[in-house]
Each structure stands twice: as C-alpha cells, then as structure tokens.
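Q: Input: one structure, supplied below.
The values are calculated or read from the model by the stated rules, or taken from the named source; none is laboratory data. Note that the coordinates shown come from a computational prediction; the quantities given were computed from them, not determined experimentally. Positions of Cβ are generated from backbone atoms using ideal geometry, with glycine treated the same way; all protein chains shown enter the neighbour counts.
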Amino acid sequence: MSNRDLVERWFVEIWENGNMSVLDDMLDPSLDENDLLDGLPAPRKDFPILVETVHMLTGPLKVEFLLFFESNDWTSTRYVMTAQGADGATPLKVEGIALIRFREKKIVELTSKFDSFTLFEQLGQLPPEALTACLSGQKLTWI
C-alpha cells in the first residue's frame, strides 16, 4: 500500500466512515497515551470523540483530495470536505491541509489545519463574514 493509499484510507475509514477499529492498525505502536497527535493528547481515545462530534455537526461527509505531495516518509494533502449538514439541508464545503509522516506504513506524526471558522459560519454558529468583523476589530457578542 502506497503512502497515498494510506492517507486515503485515513480519510475514508476514519473521517467518512467513522470506523475507529482501524486506528490501531493505522497508528504506530510507539504513539502512546502521552504522545500528541494532531494536538490530541491521547489519539486512540480522542479521535473517536472528535470524529463523532464532527459527524453530529455535519452529517455524513466526503473528503476529496485537491493536491497530494510526498517526500520520503512525509505526505502533504490539501483536501475539501463536503457534507449536507446534520439536517440534510445545510450544504457545507470546507478545506484543510494534513501533513502525515509514516514509518513502516504506520502514522507516527500528523498535523492538520482545518478551516473550522468557515465550518462554524456555514453551520450558523458564527455570523456570516465573522472573520472580516474580527479582523476589523469588532467584537462578536451573543445575545
């Protein structure tokens, strides 16, 4: 299996299908409960909660690769996630980037940047153009 295949498997099995049974197969055994993976202090415990929360907000989702690069054991993937929202009527389209390092076909490092600000705007949890308002110095207040 190529590194690209492994990255596709990560997005399809974990993020699209919510199949947490593949976590141990995909994560290197050296990653223990004290290691950070993508900012999560206990990846085997935290990823299922993160994925479940995202699915509750977005409903079923799909990930499409926009760009994929590979250099030795590192991969870089620019992707777009689309969904219809938990209500099935709130179209979502959000981009992200994932940097993943493999050792012996297992993930040993993962860092991602996902445009969650845009996601929350599209879900109606932030007002439209909230980023523009924040950059102008305005404060967002909730009533």
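Q: Among Ala98, Ala83, which is the only one that is under 28 Å from Ala133 (Cα atoms), touching a Pro at 6+ places or on another chain (Cβ under 8 Å) and either surrounded by 14 or more Cβ atoms within 10 Å (Cβ to Cβ) or at pLDDT below 90 (or both)?
A: Within the list Ala98, Ala83, the selection yields Ala83.
Q: Can you tell me which residue in segment 97-143 is farthest from the chain's Cα centre (by Cα), limited to those that are closer than 30 Å to Leu31 by Cβ and β-branched (Val, Ile, Thr)? Walk me through how you get there before you give the answer.
A: First pass over segment 97-143, keeping only residues closer than 30 Å to Leu31 by Cβ: 97-120.
Remaining after also requiring β-branched (Val, Ile, Thr): 97, 100, 107-108, 111, 118.
Numbers: Ile97: 8, Ile100: 12, Ile107: 15, Val108: 16, Thr111: 10, Thr118: 13 Å.
Here the answer is Val108.
Q: Something else: Does any residue in segment 121-143 that is among the small types (Gly, Ala, Ser) come within less than 6 Å, Cβ to Cβ, of a residue that is surrounded by 11 or more Cβ atoms within 10 Å (Cβ to Cβ) six or more places away or on a different chain, and which pairs are these?
A: Pairs found: Ala130/Glu121.
Q: Consider only pairs whose beta carbons are under 9 Å apart and that are at least six residues apart or on different chains; among these, list those whose first residue lies in segment 1-17 and is touching a residue at least 40 places away in the same chain (Cβ under 8 Å) and closer than 23 Å to Asn72 by Cα and whose second residue is in a helix (DSSP H, G or I) and charged (D, E, K, R).
A: Pairs found: Met1/Arg9.
Q: Another question, then. If we scan segment 38-51, do we find a residue that is within 16 Å of Val108 (Cβ to Cβ), free of Cβ contacts under 8 Å to residues at least 12 places away in the same chain, assigned to a loop (DSSP other than H, G, I, E, B) and of a type in the set (Asp, Glu)?
A: no
Q: Something else: Taking strands (runs of 3 or more DSSP E) that fall entirely within segment 60-143, which contain at least 1 residues that are of a type in the set (Ser, Thr, Tyr)?
A: 61-71, 74-83, 106-114
Q: Tally time: how many residues in segment 4-37 are assigned to a helix (DSSP H, G or I) and either of a type in the set (Val, Ile, Thr) or within 20 Å of Met81 (Cα to Cα) (or both)? Even if it seems obvious, please write down each step before you answer.
A: First, the residues of segment 4-37 that are assigned to a helix (DSSP H, G or I): 4-16, 20-26.
Next, from what is left, pick out any that are either of a type in the set (Val, Ile, Thr) or within 20 Å of Met81 (Cα to Cα) (or both): 4-16, 20, 22.
Selection size over segment 4-37: 15.
Q: Mind telling me which of the residues Phe69, Phe114, Phe47 ends up being loosely packed, with under 15 Cβ neighbours inside 10 Å and in contact with a strand residue (DSSP E or B) (Cβ under 8 Å, 6 or more places away or on another chain)?
A: Residue meeting the stated conditions: Phe69.
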